[in-house]
Amino acid sequence: MLVSGDDLEALHARAKSALQTLRKSGNKELKRADLKTELASIARDWLRLSPGLRDAGVCSTEKLDEYDRTMQDLLTSTTARARASALASKLRVFVDGAFDAVVVPLIKYQGSPRQVAARQVAAAFAKSTLTPEERTYIDESARCVTVQCYRAAIIMLWAAGIARLHAAVTKGGFDAYNAAVDATSSRKGAPFNRIKDSAKITSVPELQRSRDADLITVGMELFGYDLQIFQELDRLLGTRNDSAHPGMAHPGALDVQQYATKLASLIFDRVSI
Amino acid sequence: MYENVEDELQRIVKLAEGLPELFRLKGFEILLQGYVSTLAPSAPPAPAHEKQLATSEQQGASQSWKTGIPPDVLAKLTAMAKRRGVAAEQLAGLFDFSVEPFAFAPIHVSGGAIKERMRRVALLVAARSFLATGRWLADWAEIKAMCTHQNAYDQANFASTLKAAKGDIFKSVEVGTSVELSATGTEQAEQLLASIAKPDAG
């Protein structure tokens, strides 16, 4: 997982402060246990977050290699007798170079409009209490935005919405769902007349096989939203289908953001589990 | 036709001699070419259909700046430009719409103190967010990134500088998350954009 710019800056500030304290000890052996503990903690924290930086490719791997080696050396040195100046020389490599080589590139990466758009997609659901399954889909959608896979992002968002509807149906029970199917199919005209008796279900696997279009139609009875909300949902489903099938649809980052906002207000704000 | 050629040539030679040696020959050629073109008879007026073609080409060129701007963004950008008395094209020129999502084109955020420049960057980031999403909400990391880009990042005082403007240009400041502009802030952000787009506007 990629560390935040704020956290990395905080680590760099800790290293800077520790270096200043080490310098005061000059060439003597470092005997302060609290400072040794802090140095070991800084080294461990760096070594823990370094792989995330490497995976994200935000800065030079040579620099990461250099700081990894330095921090590993520092960690080893804190377990043995060592002069403060020797420890300081190791830490100085990180303090002097890491801000420009790692912190600034990370700040620029995390502040790029693409990363901002991805965060805004996830933030659209900030008010909702998400299940782990829903969270997974939304996070995946946000990651799709960061790599400009906007159609995939829309598909993932819709999957999150359907996960919420499935969870709500399961929680309410299949009898309630089947009663809603009966009530819906008894109404005249579109879209009610497309709901057949075969839409009834008695198990989760059957729910998983049911059509999304049926689910949002029956949702009018089951979750109490009106025809206008249904039509909005139907448009979102249409956009999802356009994204999933070959065609000329070409959504952009702003489309994904708008999709997320609508999905959050139409499903997540209305259907609680 | 050639009454003044000698005088003019002498003048051109003199001007070319004033140039650094590396550019002397090229400079002479350019000056001579310019003089000769003034002697050539002017072109006859273009036929009407050519004029029409040229007009439609000009119109096409005048609309070309809209290419790549999402319709929602264009509507907000045009309205803002109208409010601030600048051409929408000039305002659009502050952004790079060739990337998805759109970003700032190379701009310079001026200002004396680094704190002032940080606040200006926050206003600009919020303005970009407004054009994209309709909300005057600046992403914390984006402000920080643009501050580093503008050489206006003060690590120790970044959060405190933004927090200090809460109640003035910022309605809310969520450290590590976002900054939301107040009515004063939105006014200043629009003014700032306009002043960068057209330095004598505002």
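Scan the stretch A:201-222 residue by residue and report those that are in contact (Cβ under 8 Å) with a residue 24 or more places away in the chain and farther than 18 Å from A:V271 by Cβ.
Within the stretch A:201-222, A:T202, A:S203 qualify.
Residues that are assigned by TED's automatic domain parsing to the domain that holds A:K24, surrounded by fewer than 20 Cβ atoms within 10 Å (Cβ to Cβ), touching an Asp or Glu at 6+ places or on another chain (Cβ under 7 Å) and at pLDDT 95 or above: does the stretch A:38-53 have at least one?
Looking for residues that are assigned by TED's automatic domain parsing to the domain that holds A:K24, surrounded by fewer than 20 Cβ atoms within 10 Å (Cβ to Cβ), touching an Asp or Glu at 6+ places or on another chain (Cβ under 7 Å) and at pLDDT 95 or above, one finds at least one in the stretch A:38-53, hence yes.
Give the stretch B:98-111 a look and list any residue that's in contact with an Asp or Glu (Cβ under 9 Å, 6 or more places away or on another chain) and more than 8 Å from chain A (Cβ to nearest Cβ), or say none.
Hits for the stretch B:98-111 are B:F104, B:A105, B:P106.
Looking at the stretch A:240-247, can you tell me whether even one residue there is of a type in the set (G, A, S), surrounded by fewer than 18 Cβ atoms within 10 Å (Cβ to Cβ) and modelled with pLDDT under 95?
Looking through the stretch A:240-247, at least one residue is of a type in the set (G, A, S), surrounded by fewer than 18 Cβ atoms within 10 Å (Cβ to Cβ) and modelled with pLDDT under 95.
Let me confirm something: among A:A180, A:A249, which residue is without any contact (Cβ under 8 Å) to a residue 60 or more places away in the chain and either on the phi < 0 side of the Ramachandran plot or outside any loop (DSSP other than H, G, I, E, B) (or both)?
Testing whether each residue is without any contact (Cβ under 8 Å) to a residue 60 or more places away in the chain and either on the phi < 0 side of the Ramachandran plot or outside any loop (DSSP other than H, G, I, E, B) (or both) leaves just A:A180.
Taking A:T202 as the residue in question, decide whether it is β-branched (V, I, T) and not in a loop (DSSP other than H, G, I, E, B).
No.
Which of the residues that make up the stretch A:9-56 are among the hydroxyl-bearing types (S, T, Y), under 20 Å from A:A80 (Cβ atoms) and not in a loop (DSSP other than H, G, I, E, B)?
Scanning the stretch A:9-56 gives A:T21, A:T37, A:S41.
Can you tell me which residues in the stretch A:215-229 are surrounded by fewer than 18 Cβ atoms within 10 Å (Cβ to Cβ) and assigned to a helix (DSSP H, G or I)?
A:L227, A:Q228
Just give me the residues in the stretch A:142-155 being surrounded by fewer than 24 Cβ atoms within 10 Å (Cβ to Cβ), of a type in the set (A, V, I, L, M) and touching a Cys at 6+ places or on another chain (Cβ under 9 Å), in sequence order.
Hits for the stretch A:142-155 are A:A152, A:I155.
Residues that are out of contact with any Pro (no Cβ under 6 Å at 6 or more places or on another chain), within 14 Å of chain B (Cβ to nearest Cβ) and surrounded by fewer than 23 Cβ atoms within 10 Å (Cβ to Cβ): list the helices (runs of 4 or more DSSP H) wholly contained in the stretch A:84-128 that include at least 3 such residues.
So the answer is A:104-110, A:113-123.
The values are calculated or read from the model by the stated rules, or taken from the named source; none is laboratory data. Just so you know, these numbers come straight off a predicted model, no measurement behind them. Here the Cβ is made from the backbone with ideal geometry for all residues, glycine too, and neighbour counts use every protein chain on show.
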